[in-house]
Ligand SMILES: [Zn+2]
């Protein structure tokens, strides 16, 4: 009996979090690359301060999202233009 990947949408943050057994959850942002729950937290969910909205957000559980990783709070680097001019 194997449990397949499961996905949940955060109605507040508008991202999809895919959970699969034995793997870290994957957050699919509406645009840009995939990330982790800790990344979602540092970029979006930590700014949710209203208790009514926090109830809607599915990424408010500190145990579920794990510790923040270096770079989580920073936007992904834009493509580097090496200036072939
Ligand atoms: Zn959220």
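Within segment 46-60, can one find any residue that is in a loop (DSSP other than H, G, I, E, B) and modelled with pLDDT under 90? Walk me through it before giving the result.
Pass one, segment 46-60, residues in a loop (DSSP other than H, G, I, E, B): 48-50, 57-60.
After this cut, where a residue has to be modelled with pLDDT under 90 as well, the list is none.
There is no residue in segment 46-60 that is in a loop (DSSP other than H, G, I, E, B) and modelled with pLDDT under 90.
Can you run down the residue pairs with Cβ atoms below 7 Å, 6 or more apart or on separate chains, where the first is in segment 53-73 and in contact (Cβ under 8 Å) with a residue 24 or more places away in the chain and under 15 Å from residue 43 (Cβ atoms) and the partner is more than 11 Å from the ligand (Cβ to nearest atom) and not in a helix (DSSP H, G or I)?
Note: pairs meeting the criteria are 69/36.
Which of the residues that make up segment 48-68 are surrounded by 12 or more Cβ atoms within 10 Å (Cβ to Cβ) and within 12 Å of the ligand (Cβ to nearest atom)?
48, 53, 54, 56, 57, 58, 59, 60, 64, 65
Hey, can you tell me all the residues within segment 1-45 that are more than 12 Å from the chain's Cα centre (by Cα) and either within 9 Å of the ligand (Cβ to nearest atom) or assigned to a loop (DSSP other than H, G, I, E, B) (or both)? Talk me through it step by step, then tell me what you get.
Kept after step one, since they are more than 12 Å from the chain's Cα centre (by Cα), are these residues of segment 1-45: 1-7, 11-12, 20-23.
1, 2, 3, 4, 5, 11, 12, 20, 21, 22, 23, listed by residue number.
The values are calculated or read from the model by the stated rules, or taken from the named source; none is laboratory data. Since the structure is predicted, the reported quantities are computational estimates derived from the model, not experimental observations. Don't worry about glycine lacking a Cβ; one is built from the backbone with ideal geometry, like all the others, and counts go over all protein chains shown.
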